Amino acid sequence: MTAVIMMLVTTCRGLGAFTTGNDLYGMCTSSGEPFMDCIGYVRGVLDAGDYEGDAQGLIKELQQGIYSPGSTIGGWRWCEPKGMTLGQAVDVVTKYLRDNPQLRHHGGALLIVKAMHEAWPCPLPRH
């Protein structure tokens with residue numbers, strides 16, 4: 001019976017995001033190892049956004065002559081301020097999750113991107 005329950009839990013978990021906003025909020029409002037997991041998760045999403053933003057910005061500049069700074073994932077863009085720290089980004093994400101409990105069933109990475117986009121939207125591209 002336990003094996004069947006574990007299989008169902010694993011199967012259901014596989015249908016959505018691996019880490020939900022509920023999971024992430026729990027990590028980010030904890031201490032010790034769970035909080036370190038929060039920092040690592042946020043860092044990973046920000047690094048992915050930096051890479052994607054750089055790649056898309058370069059393509060746009062080469063194709064259209066438009067300089068387009070910022071980070072992006074899935075069409076959500078953000079331009080963090082110079083000097084932003086990882087701790088500051090974690091604070092922004094934690095506040096977003098606290099202020100939007102109705103969204104925490106969505107994937108954690110998506111909610112990080114949305115929090116960054118709302119906190120630091122990018123200016124319009126320069127031509």
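The values are calculated or read from the model by the stated rules, or taken from the named source; none is laboratory data. Here the structure is a predicted model, which means the values were calculated and not measured. Here the Cβ is made from the backbone with ideal geometry for all residues, glycine too, and neighbour counts use every protein chain on show.
A compact table of results
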item	result
Hey, LYS114 under 11 Å from the mean Cα position of the chain (by Cα) and among the charged types (D, E, K, R) or not	yes
Among (1) surrounded by fewer than 11 Cβ atoms within 10 Å (Cβ to Cβ); (2) modelled with pLDDT under 95 - the single one GLY87 does not satisfy	(2)
Count of the stretch 20-51 residues which are modelled with pLDDT under 95 and either within 13 Å of the chain's Cα centre (by Cα) or more than 30 Å from THR85 (Cβ to Cβ) (or both)	8
Matching residues, the stretch 26-51, being surrounded by fewer than 16 Cβ atoms within 10 Å (Cβ to Cβ), touching a Ser or Thr at 6+ places or on another chain (Cβ under 7 Å) and assigned to a helix (DSSP H, G or I)	ASP50
Unique match (being at pLDDT below 80, surrounded by fewer than 19 Cβ atoms within 10 Å (Cβ to Cβ), assigned to a loop (DSSP other than H, G, I, E, B) and not charged (D, E, K, R)) among ALA55, ALA17	ALA17
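This table checks each residue for (1) closer than 14 Å to THR20 by Cβ; (2) touching a Phe, Trp or Tyr at 6+ places or on another chain (Cβ under 6 Å); (3) not aromatic (Phe, Trp, Tyr).
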| position | (1), (2), (3) |
| --- | --- |
| GLY83 | no, no, yes |
| GLN88 | no, no, yes |
| THR94 | no, no, yes |
| ASP99 | no, no, yes |
| HIS105 | yes, no, yes |
| ILE112 | yes, no, yes |
| HIS117 | no, yes, yes |
